[in-house]
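Novice: Quick one: the structure is below, and I'll ask about it shortly.
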Amino acid sequence: MPFRFLIAVFIFLSSIASAQDYTTVVRHRPVLWTEMDLVYRTRGRWSFQLDNIYRRQADDSNGSDLNILRYPLQQAFRPWVTYQLSKPVRVSLSPISLWWAWNQTSKSPLTIQRNIRFIPQILLTQPVGRSELVLRFRSEFRWSSVADTLRHPYDVLTDDLPPFTRRDVRHRLLLRWVQPLSRQGPPAESGFVQGSIEPLAYLSSRDTRLDQLQSSIIFGKRLSENYRLSIGYQNILTIRKNDAAHIRSLQYTHALTCTISIGNQLQKRPGTNPVSQ
């Protein structure tokens, strides 16, 4: 899987180099990403987590609409089972997660697509003084329905929605640096800032490409023994090519992110909890 991921990265870089004779169209859209993580840690090496993800989006007007609450964008419920193999190595599995995604463009009404995901991942953590370097590899096996036009945006549980007929795999490789904001006291209590970059490769029987490039800067702080709040900015770059029209489209998504983590024993290190971050 990592080898195919590197192939997708190479294809992505090659496509940029070979698209100089293409007309480039750049579009922007602001969105809101919120997440609540419920974490339960045992006295041993196991831990369990449930994510509730909810996201909204502005109108498709190339960044001129700043109302990030205007339309729904995504809703998901994602459980995790985690095992700490060693101090630096942690493996996690989301056996089944349910996702609903809405799409709105200037040329089409609001549509919805459902998918089910099976997600294994491995996370490597290396302390560097009081800071922390994190490397995470995650694979998402997705079964999706076709997009369907809805008369009501939240009509997500009706029986007449299309079945899950499409399958693809997406590999994600994240590199993150976590820096405490104070030289005194435990890093989690003093607050921290973390920066990350994460390419996402898309693999299916029809296509192989680097689907997205995500980068973020997040500020976090432990509010109490069991609560932690993280707020930041994430940029998602998506590149598409229309070979017939010689058009290259660059879509920038600008996300205001907010995550609340609630747990019985949140770890002292700032960048290793929760699983999804």
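Novice: Being in contact with a Leu (Cβ under 9 Å, 6 or more places away or on another chain) and either surrounded by fewer than 18 Cβ atoms within 10 Å (Cβ to Cβ) or closer than 30 Å to residue 30 by Cα (or both) narrows it down to one of 115, 67, 62, so name that one. Give the derivation first.
Specialist: Details: 67 fails: in contact with a Leu (Cβ under 9 Å, 6 or more places away or on another chain); 62 fails: in contact with a Leu (Cβ under 9 Å, 6 or more places away or on another chain).
When all the criteria are applied, what remains is 115.
Novice: Evaluate the stretch 84-99: report whether one residue or more is open to solvent by less than 20 Å² (accessible area, probe 1.4 Å), among the β-branched types (Val, Ile, Thr) and assigned to a strand (DSSP E or B). Step through it out loud before you land on a result.
Specialist: To start, the set of residues in the stretch 84-99 that are open to solvent by less than 20 Å² (accessible area, probe 1.4 Å) comprises 90, 92, 94, 97, 99.
Filter once more, keeping what is among the β-branched types (Val, Ile, Thr): none.
No; the residues of the stretch 84-99 include none that is open to solvent by less than 20 Å² (accessible area, probe 1.4 Å), among the β-branched types (Val, Ile, Thr) and assigned to a strand (DSSP E or B).
Novice: Give just the number: which of (1) more than 30 Å from residue 246 (Cβ to Cβ); (2) at pLDDT 95 or above does residue 66 not satisfy?
Specialist: (2)
Novice: Now for a different question. Which condition number does residue 72 fail, the rest of (1) at pLDDT below 95; (2) surrounded by fewer than 19 Cβ atoms within 10 Å (Cβ to Cβ) being met?
Specialist: Condition (2) is where residue 72 drops out.
Novice: Return the residue satisfying two criteria in turn: it lies in the stretch 205-244 and is without any contact (Cβ under 8 Å) to a residue 12 or more places away in the chain and more than 27 Å from residue 30 (Cβ to Cβ), and of such residues it is nearest to the chain's Cα centre (by Cα).
Specialist: We begin by selecting, within the stretch 205-244, every residue without any contact (Cβ under 8 Å) to a residue 12 or more places away in the chain; these are 205-207, 223-224, 240, 242-244.
Narrowing the set further to residues that are more than 27 Å from residue 30 (Cβ to Cβ) leaves 205-207, 224, 243-244.
Values: 205: 23, 206: 23, 207: 21, 224: 26, 243: 28, 244: 31 Å.
The extreme case among them is 207.
Novice: State the number of residues belonging to the stretch 200-223 that are open to solvent by less than 60 Å² (accessible area, probe 1.4 Å) and more than 22 Å from residue 144 (Cβ to Cβ).
Specialist: Counting residues in the stretch 200-223 that are open to solvent by less than 60 Å² (accessible area, probe 1.4 Å) and more than 22 Å from residue 144 (Cβ to Cβ) gives 5.
Novice: Within the bounds of the stretch 241-250, is there any residue that is of a type in the set (A, V, I, L, M, F, W, C) and at pLDDT 80 or above? I'd like the intermediate steps shown before the answer.
Specialist: Start the filter on the stretch 241-250 by keeping residues that are of a type in the set (A, V, I, L, M, F, W, C), which leaves 244-245, 247, 250.
This time we only want the ones that are at pLDDT 80 or above, so: 247, 250.
Yes; the residues of the stretch 241-250 include at least one that is of a type in the set (A, V, I, L, M, F, W, C) and at pLDDT 80 or above.
Novice: A further question on this structure: So residue 47 ticks every box in (1) over 28 Å from residue 126 (Cα atoms); (2) open to solvent by less than 60 Å² (accessible area, probe 1.4 Å) but one. Which box is left unticked?
Specialist: Only one criterion is unmet by residue 47, namely (1).
The values are calculated or read from the model by the stated rules, or taken from the named source; none is laboratory data. All values derive from a computational prediction rather than experimental measurement. Note: ideal-geometry Cβ built from the backbone for every residue, glycine included; neighbour counts use all protein chains shown. Ligands, DNA and RNA are stripped out before the accessible areas are found, and what is left, the full protein with its side chains, is counted by its heavy atoms. Shrake-Rupley method; radii C 1.70, N 1.55, O 1.52, S 1.80 Å.
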